[in-house]
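K.L.:
Take a look at this one; I'll ask things after.
The values are calculated or read from the model by the stated rules, or taken from the named source; none is laboratory data. Just so you know, these numbers come straight off a predicted model, no measurement behind them. Quick reminder, even Gly has a Cβ in these numbers, built from the backbone with ideal geometry, and neighbours come from all protein chains shown. We work out accessible area using only protein heavy atoms, side chains counted, and drop any ligands, DNA or RNA first. Shrake-Rupley method; radii C 1.70, N 1.55, O 1.52, S 1.80 Å.
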Amino acid sequence: MRPLPEPPPMSTRALVACLVLAGVVSVFLWQSPWLYPFRLLVTLMHESGHAITGWALGMSVTSVTISPATGGLTHYVGYATLWKQLLISSGGYMGSSVAGALLLVAAGRMRSGRLLMWGLVAWMVTVAVIWVPLLPPDPGAVHARFTGSSQGDGLFTLGFIALMGSVMALVAWKGPVWMRRGFIVWIATLSCLMALQDIKGLLGFGLETGVSDASNMARLTYLPAPFWAAVWMVMSLGAMWIGLRSILRRRERPGLRMPMGRLSPR
C-alpha cells in the first residue's frame, strides 16, 4: 500500500480566520459555558507560567492548582527577593502569552498539528506529576474568597487534566487535520488574550483586587493594579502580533527540482 500523502501546510487565510474567530469569542463569550474547559486550560497554562518562573529562579514549587471557579493558585517556598517576586507575579501572564505566541508561530508551519497536540498533552501530564498534589496547602480565607480555591482543588485539577488530556490525546491520535490545526490556533489565541480579563477593570468591569497578580504587583511597586493590567495586556497583544506576523509573512517556497537523467553518448 502506498503511504498517505503528507497534508500541505495550513493556509494563511485559514489560520487568520481561526485566530480572528477565537479573538472575537474570547472578548464577547468568555463567560459562556461552552468555553469553560478552555478557560480552565488557559488558567492551568497561566499557573504553569508562575511555577516555571519560580522554579527557574531557584524557588521550590509545592503545588499548582486550578479551581472550579476558574481561579488558580501556585504555592512556592524559598527566599524571594523583590525582583524574584516581581518576576514570579508577572510569570503567569508572560508565560501564557509567550506560550500562545510560540503556538501561533508553530501553527504557521505545522502540517497536521499532531506533534503539537501531543506536546500539549505531555505538558499537562508533566504538570500533574510534578506539581499537583492530592491535598494542596490550605489557601486561606482571602485566597478562597477571591479565587474560589479550596483544599479539594488538587483532586479537581488532576481530574481536569485526566479528562482534558484524554480528549486532546484522542484528537491528536484520531482527529482530522482541520480539527487539530483549529484546536491549536484556538488555544494559542485564548492564551494570548487572557490578560484581557484584567484590563477590563480599566473600563469599569471589575478588576479583581485583593490577591490578583495585578494587586500583588501594586503592593510590591506602589504602582496601581490597573497599570500592571495594562502592561500585561500590551505584552499579550505584542506576543500575539509576533505570532500573527509570522503567519502573515509566511511564503510558499516550492522546492527546487533538478532534472535527473543519464547523459547520452555522442
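K.L.:
Residue-wise, which Karplus ³J(HN,Hα) couplings in Hz belong to the stretch 240-247, taking 6.51 cos²θ - 1.76 cosθ + 1.60, θ = phi - 60°, and x for glycine or proline?
P.N.:
So the J values, rounded to whole Hz, are 5, 5, 4, x, 5, 5, 4, 6.
K.L.:
Shape call for the stretch 94-157 from the C-alpha gyration tensor, a ≥ b ≥ c root eigenvalues: rounded (a/c under 1.5), prolate (a/b greater than b/c) or oblate?
P.N.:
Note, shape of the stretch 94-157 comes out prolate.
K.L.:
How much accessible area does LYS174 have with a 1.4 Å probe, in Å² rounded to the nearest 10?
P.N.:
Probe radius 1.4 Å; accessible area of LYS174 about 140 Å².
K.L.:
Further question: Quick check: Cα centre of the stretch 18-69 to Cα centre of the stretch 108-137, how many Å?
P.N.:
Measuring centre to centre over Cα atoms gives 13 Å.
K.L.:
Compute the distance in nm between two label points, each set 7 Å from the Cα along the Cα-to-Cβ direction, one at LEU170 and one at LEU220.
P.N.:
Taking the simple label geometry, LEU170 and LEU220 are separated by 4.1 nm.
K.L.:
Between ALA69 and ASP138, what is the label-point separation in nm under the 7 Å Cα-to-beta-carbon projection?
P.N.:
Going from the ASP138 label point to the ALA69 one covers 1.8 nm.
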